[in-house]
Amino acid sequence: GLDNNDLGGGALRASISQEAVQEFQVISGGLSAEFGRALGGIVNTITKQGTNELKGSAFYFYRPGNLDPKLPMGGEADNYRLSQFGASAGGPIIKDKLFYFVAVERMKKTDRNVVTIKPEAVAPIRQAGFLLETGELPFEEGDTSGFLRLDWLQGPSLYVDLRQPQFP
């Protein structure tokens, strides 16, 4: 088990690439004592692991903005672009003893925000020395995440695994 909470707000701290998820379980109410400090719900995630066979996968997802509805403030969503891509691989390091699994994922999004502030409110803000832009402002954001797992099987009753849930 891994407690994956932000100590400040109790929110999810790190996300795991979907390429690394083997199965998950959602518990939404009536939690037992083993899930202490959880009021809203629990998501248990079991990650993939390496085996004696070399296995891998790759994916690419693209979402263009021209498929979206019009923006709430008017105008088209044609500036929006979302692309996600990644890959995973797992296999043996030492047959029947030591296994690895690794997954990497990249997300890139471009869009624009519409900043609507009355012109008479903009002037005092700028005079105070703050940089302020209004209108349609394009932005870009991205994130790369990865997952690494090593499993060492010493015998029928001793099994050790090492996981790094996210690395930049």
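The values are calculated or read from the model by the stated rules, or taken from the named source; none is laboratory data. All of these numbers come straight from a predicted model, not from anything done at the bench. Neighbour counts run over all protein chains shown; Cβ positions are idealised from the backbone, glycine included. Accessible surface is based on the protein model in full, side chains and every heavy atom, while ligands, DNA and RNA are left aside. Shrake-Rupley method; radii C 1.70, N 1.55, O 1.52, S 1.80 Å.
One table, with the values for the structure above:
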| read-out | value |
| --- | --- |
| Nitroxide proxy distance, nm - points 7 Å out along Cα→Cβ at Ser83 and Val114 | 2.7 |
| Ranked order, Asp143, Asp151 - accessible area, probe 1.4 Å, largest first | Asp143, Asp151 |
| Calculated FRET efficiency for the pair Tyr62/Glu133, C-beta based, R₀ 22 Å, to 0.05 | 0.15 |
| Vicinal HN-Hα couplings computed from phi for segment 105-117 (Karplus, 6.51 cos²θ - 1.76 cosθ + 1.60; Hz; Gly/Pro x) | 9, 10, 10, 9, 10, 10, 6, 9, 9, 9, 9, 10, 10 |
| Exposure ranking of Leu132, Leu162 by accessible area [1.4 Å probe, largest first] | Leu162, Leu132 |
